[in-house]
Amino acid sequence: MSGAGSPSPSPQTVAAWGRLSASTHAILRPSLRADVPAALSRGANRCAVRGLGRSYGDVALNPEGALLDMTGLDRFMAFDPATGELEVEAGVSLGEILAAACRPNDDGSGWFLPVTPGTGYVTVGGAIANDVHGKNHHRAGSFGRYVLGLTVARSNGRIIHCGPDREPGLFSATVGGLGLTGVILAARLQLRRVAGLAVESEHLAFNSLDEFFNLTNGSEADWEYTVGWVDALATGKAAGRGIFSRARHAPNQRAAPPPHLPRLSIPATPPFSLVNRASVRLFNAFYWRSARSARRTEHYARTLYPLDGIGNWNRLYGPRGFFQFQCVVPKNDARAVLGELLGRIAASGEGSMLTVIKTFNDMPSPGLLSFPMPGTTLAVDFANRGEGTRALLADLERLTVEARGRIYPAKDAVMSAETFNAGYGHALAEFRRHMDPGLTSAFARRVGLESAS
Amino acid sequence: MTAKRIALFGATSAIAAALARIYASEGAELVLIGRSTEALEQLATDLKIRGAADCKTVVTDLGDAGNADNAAGKAWSAAGGLDAAVIAFGALPDQAKAAADSGAMIRAIDVNFTAPAALASALAGRFESAGSGTIVILSSIAGDRGRASNYVYGSAKAGLQAFASGLRHRLYKAKVNVLDVRPGFVISPMTAGLDRSGPLWSRPERVAADIRRAIDAGKGVLYTPWWWFWIMLVIRALPRFVFHRSSL
Ligand SMILES: Cc1cc2nc3c(=O)[nH]c(=O)nc-3n(C[C@H](O)[C@H](O)[C@H](O)COP(=O)(O)OP(=O)(O)OC[C@H]3O[C@@H](n4cnc5c(N)ncnc54)[C@H](O)[C@@H]3O)c2cc1C
Ligand SMILES: NC(=O)c1ccc[n+]([C@@H]2O[C@H](COP(=O)([O-])OP(=O)(O)OC[C@H]3O[C@@H](n4cnc5c(N)ncnc54)[C@H](OP(=O)(O)O)[C@@H]3O)[C@@H](O)[C@H]2O)c1
C-alpha cells in the first residue's frame, strides 16, 4: 500500500481460471481508492478490470493490454453488527467477509452472506460485476439484490455514488456489468441474519431428470440451498441419474469461519490433463455411489465451498486448460431441453465431473445484463481436447439459443456475438448508454460489446 | 508467548498490513505508524472490523532518523507498552540512479539503514526495561551478498542484519528477542514495475504468516519463504569467478 500516486505497471502473464490461454498484461495494482482514477486514465489504452480471476473465460482478460488488479483494495470500511450493513472496498473477498463479519454469537447465530457462489475466493467487485448466484437462488435471487450502494470510478475522472435509488441507471448497468461501466471502488452490502451458521444437509440419489425435478420442486419451500449433480457419462437407462443435495441453516449450530488459505494445493501443472475419460468415469461412478448421505449437521464450507479446500485445483486439467459451459433455459421446456443437452454431452464422451443443475426462480435482479432468469441452469466442465470439445460446445450453444436460453459470461470462453445478442439483446441498448469508453475486455470484444466512442 | 500489543512502523507496507490483519483477527491491540494519515486511518478502520481490540495511529515521517525517538515513545505509550514492534518501512531505490548520484545513494541508505537502525535503538531501551518482547526488523535477502543489480539497497539491508545481530546479542540477557526477517521476492508496491510472474514470487500474506510463527517461536533469523535459505546459501557460496559472470 503506498500513496505514491500512480505506480508503474508490471508486465505479467495472466490466465483466467480455465487456463485456456496465458498472455502478457500490463498490471496496475492500486492500493488506495484515491489511486484508481490516475491508474484508469493512464495512457490512451483501454483497460480491463480484474478481481480474483475466478471467472473461467475472458471477462477479466485483456491480452497485451492494461489490466487493473483490484485485489489491493481490500479494506473493510464500515460494519454495523446491529443491522448487518457492511461497506467494503471492491477487492475484499467473500471469504474475508465470512472471517471478519460472520463469526457466530454464543447462541450459534450470526450474519451471513445473503448469496454466495461455489467459492469464497471471489471479490465483492467480481461478484457484483457478474451478478453471481448461489445454491439459494430460488429463495434469495442474485448477489446484486443485496447491494445497497456502489462507489464507481469512471475513466473521465468522476467518482459516482449509485444505488437502487440514486443514479439507478448506472447502478443497474454496473450490477452484472462485466467491468465495462466503471471501476467499482466500494460497495455497501446487506448481510443476512441466520439462526445458526452451521447447516443441516442431506444428499439423495435420483435416477432420472424427472426425479430430480420432483425433488427440487418439493424441497424449495423448506430448504434454502438446493443443487443437483448429474453423472454426465451415464447413458441409456442410467441417463439423468445423479445426487440431489439440499441444506439449510441449523438454528443454534455454530460454525467458525473457514481457514483463509486452502490446506492443500496442487503445486504444479501436470504435463497432461488428469481429468480424462477414464478418471471422470471412475470419479462419477464413485460419487454416484458414495455421495448419498442421511441428514447431518456440518460446516457451511462443506456444503457451499466443496472445492475451496484444494488450492489451484484448476491445474489438474493440464497445460491446455478446460472449458466451463453454463446456460439457463426457460422454465416451460426446461426438462426437455436439459434432457437434450445432457444427451448430447453423454454421446460426445467428453466427460464432465462437475455437472450441476439448479432451478432459478423469478426473483428479479437490478442488473441489466444479469444472467439468471426463471428456469433451469446447467453447468458443465470439459478438459480442453481441441476441436472435438469446441464442436460439443458449439452444439450446446446452439441448443441453448434454440430454447431461448442464455449463456453465463463468467463461465464462457467461446460464445458468438449472435448468441450473446440472443440472450441479452433485451437490455443491450440501455446497457451501452452506461458503458465506460476507457474500459474493455477480451470478452467484450468477442461478443461485440464495444462502447460507441 | 503470543504478542498482544503490536506496533507496526511503516504499517502501510503490504507485509506489515498483512501481519496486522493476522493479529487483528486474534483481537490484538495495534499501533500503526506511518506518514500518510489517510492510508493509516483506512487501515485502522479495516483492522478494527477484522477484530482488533484497539487500533491507534501515529503519523510521522519514519524516513527521517531524527523522528525515531519520538516515534518509538509515542507508539510505546499509545498501547501502554508493547509485546512486539515491527520495523517494516523501506524503499527499493533505482540502482542505476543511486550508483550515479551520491545524493540518491545517501537517501537510499538513510531510509533503509540509518532510520530503521535509529528506531530499533530507540525501542531497545524500552523493551530492555520491560524485560520481554520482540523487535522485528525487516531486512532482506538482498543483504546476504552485494550484487551489481542492487548493492546500494543490499548494503543498507546488510547493515541492518549486522545491527539486528548485535542488538539481539545485547538484549539476550533482558529476554528480549530481535528477529531479522529476510523476505525473498514479495508482490507489493515496492516491486511494482517488475515482472512478477514465476515461482519465486510470494504474496505478502504468506510472508506475514511466517513472521507471525517466527515471533512466537523466538527465532533469530527468518528466511521467508523458507526456500530462500537454501538459495542464499548457494549464492553466498558461489566462488567469485562464477558469481562475476552471472547477472544476478
Ligand atoms: C469453483 C468456482 C465456483 C463458482 N461457482 C459459481 C456459482 O455458484 N455461481 C456464480 O454465479 N458464479 C460462480 N463462479 C464464478 C465466479 O463467482 C465469478 O466468475 C466471479 O465473478 C469471480 O469473481 P472474481 O473476483 O474472481 O472476478 P474476476 O473473475 O477477476 O472478474 C469477473 C468480472 O468482474 C469484473 N470486475 C472485477 N472487479 C471489478 C471491480 N472492482 N469493478 C468493476 N468490475 C470488476 C471483471 O472485469 C470481470 O468482468 C464460480 C467460480 C469458481 C472458480
Ligand atoms: N517486497 C519485497 O520483495 C521485499 C523483499 C525483501 C525485503 N523487503 C522489505 O520488507 C519491508 C516491507 O516491504 P513491502 O514489500 O511490504 O513494501 P511496501 O508495501 O512497498 O511498503 C513500503 C513501506 O515503507 C514506507 N516508506 C517507503 N519509503 C519511505 C520513506 N522515504 N519515508 C518513510 N516511509 C517510507 C511506505 O510508506 P507509505 O505507504 O507512506 O509510502 C510503506 O509503509 C521493507 O523494509 C522492504 O525493504 C521487501
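Sorted on the mean count of surrounding Cβ atoms within 10 Å across their residues, most packed first, peptides B:214-227, B:231-244, A:86-99 read A:86-99, B:214-227, B:231-244.
Of the peptides A:314-320, A:180-186, A:59-65, the ranking by mean beta-carbon count within 10 Å, highest at the top, reads A:180-186, A:59-65, A:314-320. The distance between label points at B:H244 and A:R433 comes to 7.3 nm (points 7 Å beyond Cα on the Cα→Cβ vector). Computed from the Kirkwood radius of its Cα pairs, the Stokes-Einstein diffusion coefficient for region B:126-248 at 25 °C and 0.890 mPa s stands at 157 µm²/s. Solvent-accessible surface of chain A, taken per residue with a 1.4 Å probe and all protein chains present: 38 Å². Take every pair of alpha-carbon atoms less than 8 Å apart whose residues are at least six positions apart; their mean separation over the length of region A:198-413 yields a relative contact order of 25 percent. For region B:195-233, heavy-atom accessible area (probe 1.4 Å) falls by no less than 40 Å² from the chain alone to the full protein assembly at B:R196, B:S197. The alpha-carbon of B:K157 sits under 20 angstrom from the alpha-carbons of these aspartates and glutamates, leaving out residues fewer than 8 places away in its chain: B:D61, B:D64, B:D94, B:D101, B:D110, B:D144, B:D180, B:D210. Legend: calculated FRET efficiency, A:R320 to B:T191, from the Cβ-Cβ distance at R0 = 30 Å, rounded to 0.05, equals 0.45. For region A:190-259, the alpha carbon convex hull comes to 117 Å³ per residue, rounded to a whole number.
Remark: relative contact order (chain B) = 18 percent; criterion is Cα-Cα distance under 8 angstrom and separation of 6 or more residues.
Computed over chain B, the P(r) tail beyond 27 angstrom holds 32 percent of alpha carbon pairs. Based on the Kirkwood approach, the hydrodynamic radius assigned to the protein assembly as shown is 27.0 Å, with every pair of different Cα atoms included.
Between the residues B:L92, B:W226, B:A209, the greatest Cα displacement towards the positive end of the dipole of chain B, with unit charges on the Cβ of Lys, Arg, Asp and Glu, is found for B:W226.
When the inverse distances between all different Cα atoms of region A:198-413 are averaged and flipped, the Kirkwood radius reads 18.3 angstrom. For region A:55-102, treating each Cα as an identical point scatterer without solvent, what Debye log10 I(q)/I(0) comes out at q = 0.16, 0.21, 0.27 1/Å? Those come out to -0.58, -0.78, -1.01, one per q. The residue among A:V401, A:G309, A:S245 whose Cα reaches farthest toward the positive pole of the charge dipole of region A:198-413, with charges on the beta-carbon of Lys, Arg, Asp and Glu, is A:G309.
When accessible surface is computed with a 1.4 Å probe, chains A and B are found to bury approximately 1900 Å² between them, both chains counted.
With both labels modelled 7 Å from their Cα along Cα-to-Cβ, the B:V59 to A:R404 distance reads 6.0 nm. With a simple spin-label model that places each label point 7 Å from the Cα along the Cα-to-Cβ direction, the separation between A:R295 and A:A347 comes to 4.2 nm. With a 1.4 Å probe rolled over the protein heavy atoms of all chains, the accessible area of A:R19, B:R50 falls in the order A:R19, B:R50, largest first. Along the axis of the charge dipole computed for the protein assembly as shown (Cβ charges of +1 for Lys and Arg, -1 for Asp and Glu, origin at the Cα centre), the listed residues B:F127, A:L73, A:L189 are led at the positive end by B:F127. Remark: chain A carries a charge dipole of roughly 640 debye about the Cα centre, counting +1 on each Lys and Arg Cβ and -1 on each Asp and Glu Cβ.
Two decimals is fine: what is log10 I(q)/I(0) at q = 0.18, 0.29 Å⁻¹ for region B:93-138, from a Debye sum with one equal scatterer on every Cα and no solvent? Debye intensities relative to I(0), on a log10 scale: -0.61, -0.97.
The values are calculated or read from the model by the stated rules, or taken from the named source; none is laboratory data. Quick caveat: nothing in here was measured; it's all calculated off a predicted structure. As a convention, Cβ positions derive from the backbone with ideal geometry for all residues, glycine included, and neighbour counts pool all protein chains shown. Note: accessible area is taken over every heavy atom of the protein model, side chains too, but ligands, DNA and RNA are not part of it. Shrake-Rupley method; radii C 1.70, N 1.55, O 1.52, S 1.80 Å.
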